[in-house]
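So the structure is just underneath, and the comments pick up after that.
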Amino acid sequence: MSRWEPNARGRLEQAALELYSERGFEQTTVAEIAKRAGLTERTFFRYFADKREVLFWGAGALQEFFMTNVASAPDSAAPIDAMAAALEAVGALFQERREGARRRQAIIAANAELQERELIKLARLSAALADTLRRRGVRDPAASLTAEAGIAVFRISFEAWISETSQRDLSQHIRESLDELKAVTAGK
């Protein structure tokens, strides 16, 4: 194995996703991931704390992106509109990643431990968004309700997006889910 190879993180991630899909998450070892990527286990641990992190390493960047977009909404925007703008931005960010998202979600869906980790990630995201809304001057319970509703819209839209065969984009699913939420809360 060479001393330095370009895109080590990407190669490790690709190798892990392939192996998780072929053999299952639990049956795949770090050594096998590193070998498939043409790297060493030591290199693997430079990028990931453990084999779960391959699936969750981008959670912090996603949270930052969400929070930045909520925070940068116009001051006059209602909390749900600030959340809607952030959801639209996230939808655009994910658009080119559908196949990778499908693979990742299939791996998570097949493992209870990974499902729990995904729920924890979404709970942390919701708490961070609620804090961001509070910094915008939104009081509780409105800040928490808006954040939880935003995460519910994201999760439902994301699941519909990765499971459908048409090429509708994630942002379209998000808009439809937001419209449904608004209709439900308006009593229609």
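The values are calculated or read from the model by the stated rules, or taken from the named source; none is laboratory data. Computed from a prediction, not measured in an experiment: that's the story for all the values here. Counting neighbours? That spans all protein chains shown, and the Cβs are built from the backbone with ideal geometry, glycine included.
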Exercise. Pairs, please: C-beta under 7 Å, at least 6 apart or cross-chain, first residue over 12 Å from SER21 (Cα atoms) and in the range 100-112, second at pLDDT below 95 and in a helix (DSSP H, G or I)?
Worked result: ALA101/PHE94; ALA101/ILE162
Seminar exercise, completed: Going through the range 170-184 in order, the residues found to be out of contact with any helix residue (DSSP H, G or I) (no Cβ under 9 Å at 6 or more places or on another chain) and surrounded by 10 or more Cβ atoms within 10 Å (Cβ to Cβ) are ASP179, ALA183
Problem set entry | Among (1) over 25 Å from SER76 (Cβ atoms); (2) touching a Ser or Thr at 6+ places or on another chain (Cβ under 9 Å); (3) without any contact (Cβ under 8 Å) to a residue 24 or more places away in the chain, the one test that HIS173 misses | (3)
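Quick grid of which residues meet (1) touching a helix residue (DSSP H, G or I) at 6+ places or on another chain (Cβ under 8 Å); (2) charged (D, E, K, R); (3) modelled with pLDDT under 95; (4) assigned by TED's automatic domain parsing to the domain that holds LEU122:
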position	(1), (2), (3), (4)
MET1	no, no, yes, no
ALA15	yes, no, no, no
TYR20	yes, no, no, no
VAL30	yes, no, no, no
ALA34	yes, no, no, no
ALA37	yes, no, no, no
MET67	yes, no, no, yes
ALA71	yes, no, no, yes
ASP75	no, yes, yes, yes
For this session: Name the helices (runs of 4 or more DSSP H) wholly inside the range 1-70 in which the number of residues that are touching a His at 6+ places or on another chain (Cβ under 7 Å) and of a type outside the set (A, V, I, L, M) is 3 or more.
Result: none
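Listed here are the residues, each with its yes/no results for (1) without any contact (Cβ under 8 Å) to a residue 24 or more places away in the chain; (2) in a helix (DSSP H, G or I).
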residue: GLU88; (1), (2): no, yes
residue: LEU114; (1), (2): no, yes
residue: ARG134; (1), (2): yes, yes
residue: GLY137; (1), (2): yes, no
Exercise. Looking at ILE107, ILE120, which is the one that is at pLDDT 95 or above, in contact with a Ser or Thr (Cβ under 8 Å, 6 or more places away or on another chain), within 18 Å of GLU53 (Cβ to Cβ) and of a type outside the set (S, T, N, Q)?
Worked result: ILE107
Exercise. Any idea which of (1) touching a helix residue (DSSP H, G or I) at 6+ places or on another chain (Cβ under 7 Å); (2) under 18 Å from GLU176 (Cα atoms) is the one ASP81 doesn't satisfy?
Worked result: (1)
Problem set entry | Matching residues, the range 137-154, being of a type in the set (D, E, K, R) and surrounded by 15 or more Cβ atoms within 10 Å (Cβ to Cβ) | GLU148
Problem set entry | Flag if GLY24 is within 22 Å of ALA92 (Cβ to Cβ) and out of contact with any Leu (no Cβ under 8 Å at 6 or more places or on another chain) | no
